[in-house]
Structure formats: C-alpha cells, structure tokens
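In what follows, a single structure is set out as structure tokens and then discussed.
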Amino acid sequence: MNTLAVNIIGAGRAGATLAMLFSRLDHIKINTICDCDSTRLSSIYDMVKVDRFTTAISELKSADIYFITTPDDLIVSTCEEIIPVLNSNEKPIFVHCSGALPSSIIQNVIPTDCSAACVHPVKSFADPESAVKTFAGTYCGFEGSKPAVSTLKSIFKDLKANCFDINPERKAHYHAAAVLSCNYLNVLIELGLQTYEKAGIDREVSMHILEDIAKDTVSNIFSSSPSKALTGPIARGDVSTVQKHIDAFESNSDNKLLNIYKALGEVAIELSEKQGLAEERNIHLIKALLDSHSN
C-alpha cells in the first residue's frame, strides 16, 4: 500500500487513540494533529509520530485524509474552516467518527472533488492508552463514498479491526443501541449504588458487590443470550419480591427509580417469557403490578 498522509483535527480521547494507532502503521504518516487546547496536544507529544502539532487549523499540512475527531456539533464548522486551507490540487477524504451523524453532513460542505466517509469504532475511549492496547478485534462501522470507505477499511483492517457497513439513514438507532447498552450501563450501576446506600451499605463495599455480579452477568449474557442469562424475581415469577421493591421505592417517594424499575421490568417480563421458567400466572400478576404503579 502507498503511504497515506493523515491529519487529525481534535486530540480528545478518540483522536488521541487514533493517532497512537496510526503511529504503529508503516504506511500511515501523520502530518498534523490539531486541537484548540494545547494541553490535549501536550498529553500525546511523546506517544505519537507526527510532523506538526498545532492549535490553528490554518497551519494544517496537506494530507490525503482529514480525520475530524471533534465533538459532533463541531464537525461541520471544522470542515468549513479546513476548506480554505486546502491546496488547489488537494482532493482529500474527509472522515468523521460520529456514530450518530451521517457522512453526508460533511459531503454537503466540502468541495465536490473531495469525498466523505464515517468510521465509528464501537469502543469505549475512556483511556486512550488502554484503548490502543485492546483495539484489535474492535468492531468498526463504515459508511460514505465507496472509494473512501474502501481506503479506510484497508487501514482499519491493518489495525486488526472487524469492519462492517452502516446504513446512514438508520444511524440514530445504530448509535442509540450502544448508548442503551454501554453508556446507560454506567447509569444503572450508579442507580444500584444509590439504592444500596438507601439500604445502609457503604458505597465502597457496594462497588465491590456490583463489580462481581455485573461481571458475572455480562459473561453469562454473551456466552448464551439475554433471555437465557436473566435471573432475579421476574425470571422466577416472584410476585411478592417485586411488590416489596415497589413498596420500598414508594415509601421513600423514589418516583424516578420506580419509573426506571417499571420500564426495565416490562422488558424483563418479555425476556422471562422467552426463558419460560416462570409460571404464566405469576408473570401476568407482575405485569399488573408494574402497570398499576405507572405514573
């Protein structure tokens, strides 16, 4: 493969991770990493091979691919800032990494002889150094112009990613799936910690309790299925326990927790019905309980 010159605009967690990954590839040359925050740039100075760090888009060097790794609401304006900087003979690929927005938001503002694409690594970038170490095997979704996607897939396959195509018209659902499963897992753990606190359990002890059970649960889910891995009162059809939970939330006026418990319980009922271990009569009673306490 010919050497490809890359610019990365946005040195946050995703941008920093990509920069470190690209530095491992012989056929990728990072010309510029740009970010308005110099502290983010300084945090990766010693971790990447790059010709130029800059806080000014006007100082971008020419490149074959421009990776826009800014927050979603800055993608279009960033592209618009880059366009005047392009050399007259440049016809680069513009790429963003948003899971929620289509590549067309870029295609609509860049010159017609440039192409646009999106690559969305389905991975948590909470810590870039850790993300780099565990990137192999990451599923990465692609959409955009076919030549651009083809080029990007070849790069990410060299990073040992698993590549798949996304329908750009359904990206909101695609992205919401990851939010529900991953981001909201953080929320559920936090709600669990808060509820343990109401039971008088120290938060540090609660973290250890939840760490063990959450790891077991996730392992069971992915070794079988959500319905087969479901445990607890709704899986057993334990009506009295569900009633006790509802009474506890109501006694403390925990309407937020009660509503979340109810909404998740309705889905747990669907999984329990697939599992088929609880008596049908008890499942109907639990449904009625959850419905009767709906706001």
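Residues in region 87-133 that are of a type in the set (Val, Ile, Thr), farther than 18 Å from Ser154 by Cβ and not in a helix (DSSP H, G or I): Val109, Ile110, Thr112, Val122. Each residue in region 269-293 was checked for being within 15 Å of His245 (Cα to Cα) and assigned to a helix (DSSP H, G or I), and 8 of them qualify.
The conditions are (1) aromatic (Phe, Trp, Tyr); (2) closer than 16 Å to Thr70 by Cβ; (3) outside any loop (DSSP other than H, G, I, E, B), and Phe142 fails exactly one of them. Which is it? The failed condition is (2).
Applying a threshold of 7 Å to beta carbon distances and a minimum spacing of six or more residues, or different chains, the list of pairs starting in region 223-238 at a residue that is in contact (Cβ under 8 Å) with a residue 24 or more places away in the chain and ending at one that is of a type in the set (Asp, Glu) and assigned to a loop (DSSP other than H, G, I, E, B) reads Gly237/Glu279. For region 209-238, the tally of residues that are loosely packed, with under 12 Cβ neighbours inside 10 Å and of a type in the set (S, T, N, Q) stands at 3. For region 192-208, a residue qualifies if it is part of a loop (DSSP other than H, G, I, E, B) and surrounded by fewer than 10 Cβ atoms within 10 Å (Cβ to Cβ), and the qualifying residues are Ala199, Gly200. Counting the residues of region 1-43 that are in contact with a Leu (Cβ under 8 Å, 6 or more places away or on another chain), in a loop (DSSP other than H, G, I, E, B), within 21 Å of Lys153 (Cβ to Cβ) and among the charged types (D, E, K, R) gives 1.
When region 112-135 is filtered for residues that are aliphatic (A, V, I, L, M) and either crowded, with 22+ Cβ neighbours inside 10 Å or out of contact with any Ser or Thr (no Cβ under 8 Å at 6 or more places or on another chain) (or both), the ones remaining, listed by number, are Ala116, Ala117, Val119, Ala126. Count, please, the residues in region 40-69 that happen to be open to solvent by 30 Å² or more (accessible area, probe 1.4 Å) and within 23 Å of the chain's Cα centre (by Cα). Qualifying residue count for the region: 2. If the condition is being of a type outside the set (S, T, N, Q), open to solvent by less than 60 Å² (accessible area, probe 1.4 Å) and part of a helix (DSSP H, G or I), then region 239-258 contributes Val239, Val242, Ile246, Ala248, Phe249, Leu257, Leu258. Would you tally the residues in region 6-39 being surrounded by fewer than 17 Cβ atoms within 10 Å (Cβ to Cβ), in contact with a Lys or Arg (Cβ under 8 Å, 6 or more places away or on another chain) and within 16 Å of Ile68 (Cβ to Cβ)? Result for region 6-39: 1.
The values are calculated or read from the model by the stated rules, or taken from the named source; none is laboratory data. Model, not experiment: these values are computed from the prediction. Note that each Cβ is placed from the backbone with ideal geometry, even for glycine, and that neighbours are counted across all protein chains shown. Each accessible area value is taken on the protein alone, full model and side chains, heavy atoms only, with ligands, DNA and RNA left out. Shrake-Rupley method; radii C 1.70, N 1.55, O 1.52, S 1.80 Å.
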